[in-house]
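Let me begin by presenting the structure, written as structure tokens, before commenting on it.
The values are calculated or read from the model by the stated rules, or taken from the named source; none is laboratory data. As the structure is a prediction and not an experimental result, all values here were calculated from the model. Cβ coordinates were reconstructed from backbone atoms using ideal geometry, including for glycine residues, and neighbour counts include every protein chain displayed. Keep in mind that these areas ignore ligands, DNA and RNA; they rest on the heavy atoms of the full protein, side chains included. Shrake-Rupley method; radii C 1.70, N 1.55, O 1.52, S 1.80 Å.
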Amino acid sequence: MDAKEWKVTEAPTCPHCKTVMEQMDSRYLDWDSPYLWVCYNNDCSLFKKGWNHMMETVGQLVSYRFMIHPQDGKAGVIPAFSPDYLKSNGKPENPNDSEE
């Protein structure tokens, strides 16, 4: 699919905290997109409430962050294993930087 046909090409705003969302690298995940729009705000109400919800419903110490798929505009959540996990492990790096 040509990126010109994608539904969400500019950074959207999270409906839970009104923070501008950022791209998360999803090239190596099964999302059929090079990136997802993700809310990285640790004060987002969805993220903050997610810790208790997940512990109470499935017994897991994990939360989730609001996300939007750029190609079709569908919203959902993506697991967040710590407040910094997605930010440190999911932000796209410059593909032109070479490792030495």
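Among rounded, prolate and oblate, which fits the stretch 36-80 when a ≥ b ≥ c are the square roots of the eigenvalues of its C-alpha gyration tensor, a/c under 1.5 means rounded, and a/b larger than b/c means prolate? Provide the component values of the computation, followed by the final result.
Details: a/c = 3.04, a/b = 1.87, b/c = 1.63.
Because a/c hits 1.5 or more and a/b exceeds b/c, the stretch 36-80 counts as prolate.
Work out from phi, with θ = phi - 60° and the Karplus expression 6.51 cos²θ - 1.76 cosθ + 1.60, the ³J(HN,Hα) of each residue of the stretch 32-45, listed in order in whole Hz, and give x for Gly and Pro.
Whole-Hz 3J(HN,Hα) from phi for the stretch 32-45: 6, 7, x, 8, 10, 7, 10, 8, 9, 6, 5, 9, 4, 4.
Ranked from highest to lowest mean number of other Cβ atoms within 10 Å per residue, what is the order of the peptides 23-33, 38-48?
For the peptides 23-33, 38-48, the packing ranking is 38-48, 23-33.
Leaving out ligands, DNA and RNA, and with a 1.4 Å probe, what % of the accessible surface on the stretch 1-90 is carbon or sulfur? Intermediate results must be reported in sequence, preceding the final value.
Values: 2880 of 5550 Å².
Ligands and nucleic acids excluded, carbon and sulfur give 52 percent.
Tell me, how many Å apart are the Cα centres for the stretch 67-85 and for the stretch 35-59?
The two parts, judged by their Cα centres, are 10 Å apart.
Give me the 1.4 Å probe accessible area per residue for the stretch 1-85, excluding ligands and nucleic acids, in Å². Spell out each step's value before the answer.
Details: 5260 Å² over 85 residues.
Using a 1.4 Å probe on heavy atoms only, each residue of the stretch 1-85 averages 62 Å².
Using the Karplus curve 6.51 cos²θ - 1.76 cosθ + 1.60 with θ = phi - 60°, work out ³J(HN,Hα) for each residue of the stretch 50-56 in order, rounded to whole Hz, and write x for Gly and Pro.
Computed from phi, the couplings for the stretch 50-56 are x, 4, 5, 4, 5, 5, 6 Hz.
Taking amide H atoms as placed 1.01 Å from N in the peptide plane, list the residues 5 or more away in sequence, or in a different chain, whose amide H sits under 5 Å from that of residue 62.
Answer set, sorted by chain and number: 55.
Whole-Hz ³J(HN,Hα) for each residue in the stretch 14-25, computed from phi via Karplus 6.51 cos²θ - 1.76 cosθ + 1.60 with θ = phi - 60°, x for glycine and proline: what do you get?
Per-residue couplings from phi come out as 5, x, 8, 9, 6, 7, 5, 7, 10, 6, 10, 4 Hz.
Here is the link list: 4/74; 18/49; 48/74; 18/48. Which ones come out longer than 19 Å on Cα distance? Provide the component values of the computation, followed by the final result.
On the way: 4/74 17 Å; 18/49 16 Å; 48/74 22 Å; 18/48 15 Å.
Long pairs (Cα-Cα over 19 Å): 48/74.
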